[in-house]
């Protein structure tokens, strides 16, 4: 069944059934995405903590913005 066939059927559903379909689809997508992450593995996440170069670059941009007249 194609999406164009499903849309009219989904629009006829009541609110509760629409939420059930939504949850089902989100669950299915999460299961597919879950294969990308392996249990017990470490995945790096960037944090602004100790990001002194980024803070310096932001400070320079803010100083430039202060000195530039606004239209």
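FYI, it's all coordinate maths here, none of it is from the lab. The model shown is predicted, which means the values in this text are computed figures rather than measured ones. Positions of Cβ are backbone-derived with ideal geometry, glycine not excepted, and every protein chain shown enters the neighbour counts.
At 0.36 nm per residue, and after removing the present C-alpha to C-alpha distance, how many nm does the segment from residue 17 to residue 42 gain when stretched out fully?
Here the answer is 5.2 nm.
Expressed in nm to one decimal, what extension gain is obtained for the pair residue 59 and residue 3 from 0.36 nm per residue of sequence separation less their Cα-Cα distance?
Result for the pair: 15.2 nm of gain on full extension.
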Between helix 3-12 and the chain: long-axis angle, C-alpha atoms, 0 to 90°, nearest 10: 80 degrees
What is the spread of the Cα atoms of the range 3-67 along each of their three principal axes, largest first, in whole Å? 58, 40, 21
Can you give me the angle between helix 52-67 and the longest principal axis of the chain, using Cα atoms only, in degrees from 0 to 90, rounded to the nearest 10? 70 degrees
How high is the FRET efficiency between residue 35 and residue 10 when r is their beta carbon distance and R₀ equals 30 Å, given to the nearest 0.05? 0.65
Using mean Cβ contacts within 10 Å as the protection proxy, how do 1-11, 33-43, 52-62 order, highest first? 52-62, 1-11, 33-43
Working from Cα positions, state the angle (0 to 90°, nearest 10) between the long axis of helix 15-34 and the longest principal axis of the chain. 60 degrees
